[in-house]
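Input: a single structure, listed below in structure tokens.
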Amino acid sequence: MGQPIRVSASIVGPAAVFETDRSITGQDGAGFGSAAAAAEEEGFAPGLAAALFDAVDGLERVWVASNVVLAGRPAGWDEPSEAAATGAIESYFVHYKD
């Protein structure tokens with residue numbers, strides 16, 4: 001149930017910008033500095049932020065606004081961390097996973 005989200009990623013130093021094919025939040029967006037901070041709230045943005053913190057080691061900050069997810073990783077982004085983040089976003093609305 002649910003469809004995968006299509007994601008395109010751009011890396012700029014320690015920041016990654018993930019653009020999605022659908023809105024995840026309203027225009028106001030929400031930011032989180034840790035998985036614990038995301039767990040304190042309910043909704044799509046904190047849920048996605050928590051999933052990203054779980055999927056990517058060294059993540060420091062996540063901002064979700066409309067169809068854009070910004071993620072900060074001070075150590076920089078390598079292919080495995082980018083793939084983990086992309087996978088977490090792509091599968092966020094898929095309820096029954098293999």
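The values are calculated or read from the model by the stated rules, or taken from the named source; none is laboratory data. Owing to the predicted nature of the structure, the values given are computational and were not obtained by experimental measurement. Using ideal geometry, Cβ is built from the backbone for each residue, glycine included, and neighbour counts are taken over all protein chains shown. Surface areas here come from the heavy atoms of the whole protein model, side chains and all, with no ligands, DNA or RNA. Shrake-Rupley method; radii C 1.70, N 1.55, O 1.52, S 1.80 Å.
Can you tell me how many residues in the range 58-75 are on the phi > 0 side of the Ramachandran plot and at pLDDT 95 or above? Give the steps one after another, and end with the answer.
Keep residues of the range 58-75 that are on the phi > 0 side of the Ramachandran plot, which gives 58, 66.
From what is left, the residues that are at pLDDT 95 or above are 58.
Going through the range 58-75 one residue at a time, the tally reaches 1.
Looking only at strands (runs of 3 or more DSSP E) that lie completely in the range 25-98, which have at least 1 residues being closer than 19 Å to ILE5 by Cα, touching a residue at least 40 places away in the same chain (Cβ under 8 Å) and small (Gly, Ala, Ser)? Let's see the steps before the verdict.
On the way: elements: 30-32, 61-65, 68-72.
Those strands (runs of 3 or more DSSP E) span 61-65, 68-72.
Return only the number of the condition from (1) in contact with a helix residue (DSSP H, G or I) (Cβ under 6 Å, 6 or more places away or on another chain); (2) open to solvent by 50 Å² or more (accessible area, probe 1.4 Å); (3) of a type outside the set (Val, Ile, Thr) that ALA49 does not satisfy.
Looking at each condition in turn, ALA49 falls short on (2).
Identify all residues within the range 27-42 that are open to solvent by less than 40 Å² (accessible area, probe 1.4 Å) and over 13 Å from the mean Cα position of the chain (by Cα); write none if there are none.
Passing the criteria: only ALA37.
Within the range 11-26, work out how many residues are of a type in the set (Asp, Glu) and either open to solvent by less than 30 Å² (accessible area, probe 1.4 Å) or at pLDDT 95 or above (or both).
First pass over the range 11-26, keeping only residues of a type in the set (Asp, Glu): 19, 21.
This time we only want the ones that are either open to solvent by less than 30 Å² (accessible area, probe 1.4 Å) or at pLDDT 95 or above (or both), so: 19.
Here the count works out to 1.
Would a scan of the range 85-98 turn up a residue that is modelled with pLDDT of 95 or more and either more than 10 Å from the chain's Cα centre (by Cα) or open to solvent by 40 Å² or more (accessible area, probe 1.4 Å) (or both)?
Looking for residues that are modelled with pLDDT of 95 or more and either more than 10 Å from the chain's Cα centre (by Cα) or open to solvent by 40 Å² or more (accessible area, probe 1.4 Å) (or both), one finds none in the range 85-98, hence no.
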